[in-house]
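*Asks:* Can you read through this structure? Questions will come right after.
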Amino acid sequence: MKKSIAFLAVISVLLLSCNTPRYMYSPSAQNVPVLVKNGDSKLAANYSSDLSGYPFTSTSPAGETKKSNGFDLQGAVAITDHFAIQANYFNRTERNGGNDDNYLDSTVINYKRKLTEFGIGYLKSMHRHDKVMFQVFGGAGKGNFRFTDRGKDQNNIYLLRSHEADVLKVYVQPAFLFRIRENFSMSVSTRFSFINFSNIKTDYTQTELESYQLNDLPLGYRVFFEPAFTNTFGFNKLPGVKFEYQFLTALQISDRTIDYRSFNFSLGILLDIPKMFKTGAGKETD
C-alpha cells in the first residue's frame, strides 16, 4: 500500500513538472536617469528581451516557440536639484511552448503585456563634483497582461484557452550612479516591485488553474527583488544624445508563487532635449 501511494506521488510530481509555465510576470527595464541638477532630463526608447529564442531577428525558424521581446519608453526630468519625476511605458510580446504529447499541457502560449507607470524621486550628490549620486524613485502603474493557450485534451482534440488580468504595480527603486566622465556613467540599482492581479477573465478549468499556479492570483501582492546594472555613454560630438544598455534579474520573494520571467536585457537611445540645443553642450566637464 505504501509503495502504491509513493508511486502515485511520484507520477503526480512528474506530470506537474511537465507543465509548461504560464508566465504571469515579466520585468520591465529600470528607468535609472542620470540627473544631476534642476532641468536635467531623459527621454529614452529601449529594445528589451530576455534573449530567448531569436531575439535580434524579425523571423524565427518554423516551430520555434521561445520569444520574449518588446520595448520600454522612459522619461524623467529633475524639477529641482533634489527632486525628479519619471514616467515609463512597458510593452512585451512573448511566446513559450508546451509538450505536444501531454494533454495536460499546451502546444503554444502567446502573451501580450502593457503597463504604464508614474513615479517621483529624490536625488542626492555623494561627491563634491557629482561623481557619485544616490537616487530613489517610487511610483505606481496600471496595465493588462493576457495570453492565449493552444493545447490538446485527452482525446487529442485541440483546445483554445485564454487568460487576462488587470495589473497594478507599486515599486521602490534605489540606485547609486557613478559618473566616470560627463558622457560615461554606470549605475547599480535595485527595484522592489509589488504586483497585484484583478478583474481576471479566463476559461481555464479550476483544475488547470491550480496546476498552473493561477488559482489564487487575486489574493495579495507578489513581491519581486530586481537588481540591475546599467551603463550609459555618449560622445562629445553628439550633445544631448546617449546610449544605454542594462542587465536585470528578477527574484520572487513573496509567499504565494507564480511563474515569471527572471531576466531582461535592454538596449536603447537617450535624449536630453535641452542639452541638444545648448551652446557648448558637447564639451566635457570634470
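*Asks:* Pick from the range 122-180 the residues that are of a type in the set (Val, Ile, Thr) and more than 17 Å from the chain's Cα centre (by Cα): which of them is nearest to THR232 (Cα to Cα)? Explain how you work it out, then say what you get.
*Replies:* Taking the range 122-180 as the starting set, the residues that turn out to be of a type in the set (Val, Ile, Thr) are 132, 136, 148, 157, 167, 170, 172, 180.
Checking which are more than 17 Å from the chain's Cα centre (by Cα) leaves us with 132, 136, 148, 157, 180.
On the way: VAL132: 14, VAL136: 18, THR148: 37, ILE157: 51, ILE180: 10 Å.
Among residues in the range 122-180 that are of a type in the set (Val, Ile, Thr) and more than 17 Å from the chain's Cα centre (by Cα), the one nearest to THR232 (Cα to Cα) is ILE180.
*Asks:* Let me ask you something else. Going by what's in this entry, would GLU117 be described as under 21 Å from PRO33 (Cβ atoms), more than 21 Å from the chain's Cα centre (by Cα) and of a type outside the set (Ser, Thr, Tyr)?
*Replies:* Numbers: under 21 Å from PRO33 (Cβ atoms): yes; more than 21 Å from the chain's Cα centre (by Cα): no; of a type outside the set (Ser, Thr, Tyr): yes.
Here the answer is no, as GLU117 does not meet what is asked.
The rows are residues; the columns are (1) touching a Lys or Arg at 6+ places or on another chain (Cβ under 7 Å); (2) not hydroxyl-bearing (Ser, Thr, Tyr).
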{"residue": "SER125", "(1), (2)": "no, no"}
{"residue": "PHE134", "(1), (2)": "yes, yes"}
{"residue": "ASN155", "(1), (2)": "no, yes"}
{"residue": "VAL170", "(1), (2)": "no, yes"}
{"residue": "ALA175", "(1), (2)": "no, yes"}
{"residue": "GLU182", "(1), (2)": "no, yes"}
{"residue": "THR190", "(1), (2)": "no, no"}
{"residue": "THR205", "(1), (2)": "no, no"}
{"residue": "LEU219", "(1), (2)": "yes, yes"}
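*Asks:* So is VAL132 of a type in the set (A, V, I, L, M) and either more than 30 Å from VAL36 (Cα to Cα) or exposed (fewer than 13 other Cβ atoms within 10 Å of the Cβ) (or both) or not?
*Replies:* no
*Asks:* Output the residue which, of all residues in the range 180-205 that are among the basic types (Lys, Arg) and at pLDDT 95 or above, is surrounded by the most Cβ atoms within 10 Å (Cβ to Cβ).
*Replies:* ARG191
*Asks:* Out of the residues in the range 12-39 that are at pLDDT below 95 and of a type in the set (Gly, Ala, Ser), which is farthest from PHE137 (Cα to Cα)?
*Replies:* Restricting to residues being at pLDDT below 95 and of a type in the set (Gly, Ala, Ser), the top hit is SER12.
*Asks:* Only residues that are among the polar types (S, T, N, Q) and either at pLDDT below 95 or surrounded by fewer than 16 Cβ atoms within 10 Å (Cβ to Cβ) (or both): list them for the range 223-271, please.
*Replies:* Of everything in the range 223-271, those that are among the polar types (S, T, N, Q) and either at pLDDT below 95 or surrounded by fewer than 16 Cβ atoms within 10 Å (Cβ to Cβ) (or both) turn out to be ASN231, ASN236, THR249, SER254, THR257.
*Asks:* If we keep just the residues of the range 238-248 that are touching a residue at least 24 places away in the same chain (Cβ under 8 Å) and within 17 Å of the chain's Cα centre (by Cα), which is farthest from ARG179 (Cα to Cα)? Steps first, please.
*Replies:* Restricting attention to the range 238-248, the residues satisfying the condition of being touching a residue at least 24 places away in the same chain (Cβ under 8 Å) are 238-244, 246, 248.
Next, from what is left, pick out any that are within 17 Å of the chain's Cα centre (by Cα): 244, 246, 248.
Values: GLU244: 14, GLN246: 16, LEU248: 20 Å.
By that ranking, first place goes to LEU248.
*Asks:* Please name all residue pairs, on different chains or six or more residues apart, with Cβ atoms under 6 Å, provided the first residue is in the range 118-130 and is farther than 30 Å from LEU168 by Cα and the second residue is of a type outside the set (Lys, Arg) and surrounded by 13 or more Cβ atoms within 10 Å (Cβ to Cβ).
*Replies:* SER125/MET133; MET126/VAL132; MET126/PHE134; ASP130/VAL36
*Asks:* Oh, and also: Against the definition (of a type outside the set (A, V, I, L, M, F, W, C), at pLDDT 95 or above and part of a loop (DSSP other than H, G, I, E, B)), how does ASP100 come out, yes or no?
*Replies:* Values: of a type outside the set (A, V, I, L, M, F, W, C): yes; at pLDDT 95 or above: no; part of a loop (DSSP other than H, G, I, E, B): yes.
When the stated conditions are applied, ASP100 does not pass them.
The values are calculated or read from the model by the stated rules, or taken from the named source; none is laboratory data. Predicted, not measured: the structure shown is a model, and the values here were computed from it. No Cβ is skipped: glycine too gets one built from the backbone with ideal geometry, and neighbour counts run over all protein chains shown.
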